Amino acid sequence: MTKINWKPGTMLSPVPPVMVSCGTVDKPNVMTVAWTGIISSDPVMTYVSIRPQRYSHDIIKESGEFVINLPTWNMVTAVDFCGVKSGKDIDKFKEMKLTPAACENVNAPQIAECPVSIACRVKSVTNYGVHDMFLAEVVGVSVDDKYIDDKGALDLEKAGILAYAHGKYYTLGRNLGSFGFSVNKAKLKDMQKMEKVVVEVKQPKALPEEAKKSAKPYRTPFGLRPARRAKNVSEVSEPKKVARPARDENRKPFKRAIPNVGTFAATQLLSAVPPLRANDVCRKQTAENVRPEISNENLLRRNN
Ligand SMILES: Cc1cc2nc3c(=O)[nH]c(=O)nc-3n(C[C@H](O)[C@H](O)[C@H](O)COP(=O)(O)O)c2cc1C
């Protein structure tokens, strides 16, 4: 393995892409923020780093209040939109059909569609380069009751909250364990077996130079797509077909070579997470709804 040294960059990821709402219920604004986090657990202190040129910046500076809303995967369009359009020019709540709702502890509105909204009161504003960091105390949290389980605990797995990493949005993947599992012998044993799974990243085949030149971007109902592979590329990039020898009926039964278990398991593991579908927001990945033949337990059993 070779690690290459890059110049300093915002490589810490994934981070939550949150929707920060501000203003009032009657005149609300919302912007997407990725530079946020928890600073202390007691009192609960958080921050958002906002560039001074953002419309929200001055609203928050003047009111001393904002709300951090956690969006779900099916709100990703609104998340992106609120991160590229300014409230200076449009009403993003209206445009994205978001509902501004009153908060108990601050005048800033929360977003009704978000499963969790965290009301914050600003303690200080400090400039760090191109961003101003709003250090704030969390003064209230409101949670959609459909994500609270029988024991009163918040079960955000159902909600499908978002992650943001290196310019891309993701849903969270499979639950791998709970806090402290590494000191629970049985749970640790299972996880250590899972960790042996090897994920192979195959190098894409390089196109020959002439094929690259003749390929042109093309239009689809979803916009402009990168160049299609030129016809002659298939000859180059497709694996050669090897003629199979005719089956000998008198031969001993075919004995399958043991596959590379790690790679096989990884393929299964990655595909074991059922794809999210429209109207399928609340699917929880449990042993019941993950296809049973590819559940974690079966993967481990198969690998033993
Ligand atoms: C995923 C994502 C994350 C962003 N994170 C930040 C951030 O942390 N701080 C910031 O100042 N702008 C951030 N932006 C840009 C602002 O959301 C964007 O400039 C927005 O239009 C500001 O809205 P406003 O002018 O209505 O306040 C982000 C944008 C996106 C798409």
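Quick note: the coordinates plus some simple rules give every number you see, no bench work behind them. The structure presented is a predicted model; accordingly, all values stated were derived computationally and were not measured. Reconstructed Cβ throughout: ideal geometry from the backbone, glycine too, with neighbour counts over all protein chains shown.
For Met11, all conditions in the list (1) within 21 Å of Gly140 (Cα to Cα); (2) within 24 Å of the chain's Cα centre (by Cα); (3) in contact (Cβ under 8 Å) with a residue 24 or more places away in the chain; (4) more than 14 Å from the ligand (Cβ to nearest atom) hold save one; what is the number of the exception?
Unmet condition: (1).
Could you figure out which of (1) buried (at least 16 other Cβ atoms within 10 Å of the Cβ); (2) in contact (Cβ under 8 Å) with a residue 60 or more places away in the chain isn't true of Asn175?
Going through (1) buried (at least 16 other Cβ atoms within 10 Å of the Cβ); (2) in contact (Cβ under 8 Å) with a residue 60 or more places away in the chain one by one, Asn175 breaks only (1).
Residues that are more than 10 Å from the ligand (Cβ to nearest atom) and out of contact with any helix residue (DSSP H, G or I) (no Cβ under 9 Å at 6 or more places or on another chain): does the range 54-61 have at least one?
The answer is yes; a qualifying residue exists.
Could you tell me which numbered condition Lys85 fails, if it satisfies all but one of (1) within 9 Å of the ligand (Cβ to nearest atom); (2) in contact (Cβ under 8 Å) with a residue 24 or more places away in the chain; (3) farther than 14 Å from Val125 by Cβ?
(2)
Against the conditions (1) closer than 24 Å to Tyr147 by Cβ; (2) more than 11 Å from the ligand (Cβ to nearest atom), where does Pro16 fall short? Just the number, please.
Exception for Pro16: condition (2).
Does Ala112 fit the bill of being closer than 18 Å to Ser56 by Cα and not charged (D, E, K, R)?
On the way: closer than 18 Å to Ser56 by Cα: no; not charged (D, E, K, R): yes.
The answer is no for Ala112.
Could you tell me whether Val25 is more than 7 Å from the ligand (Cβ to nearest atom) and under 18 Å from Val116 (Cα atoms)?
On the way: more than 7 Å from the ligand (Cβ to nearest atom): yes; under 18 Å from Val116 (Cα atoms): yes.
It is true that Val25 is more than 7 Å from the ligand (Cβ to nearest atom) and under 18 Å from Val116 (Cα atoms).
Could you tell me whether the range 139-150 includes any residue that is within 13 Å of the ligand (Cβ to nearest atom) and not aromatic (Phe, Trp, Tyr)?
Looking for residues that are within 13 Å of the ligand (Cβ to nearest atom) and not aromatic (Phe, Trp, Tyr), one finds none in the range 139-150, hence no.
Is it true that Ile68 is within 13 Å of the ligand (Cβ to nearest atom) and within 17 Å of Ser117 (Cα to Cα)?
Considered against the rule, which asks whether it is within 13 Å of the ligand (Cβ to nearest atom) and within 17 Å of Ser117 (Cα to Cα), Ile68 comes out as yes.
Which of the numbered conditions does Ser63 fail, given that it passes all the others? Conditions: (1) farther than 23 Å from Asp80 by Cα; (2) surrounded by fewer than 16 Cβ atoms within 10 Å (Cβ to Cβ).
Among (1) farther than 23 Å from Asp80 by Cα; (2) surrounded by fewer than 16 Cβ atoms within 10 Å (Cβ to Cβ), Ser63 violates only (2).
With the requirement that a residue be surrounded by fewer than 22 Cβ atoms within 10 Å (Cβ to Cβ) and either within 14 Å of the ligand (Cβ to nearest atom) or in contact (Cβ under 8 Å) with a residue 40 or more places away in the chain (or both), what does the range 88-99 give you?
Lys88, Asp89, Ile90, Asp91, Lys94, Glu95, Met96, listed by residue number.
Based on this model, can you work out whether Val76 counts as away from the ligand (no atom under 13 Å from the Cβ) and aliphatic (A, V, I, L, M)?
When the stated conditions are applied, Val76 does not pass them.
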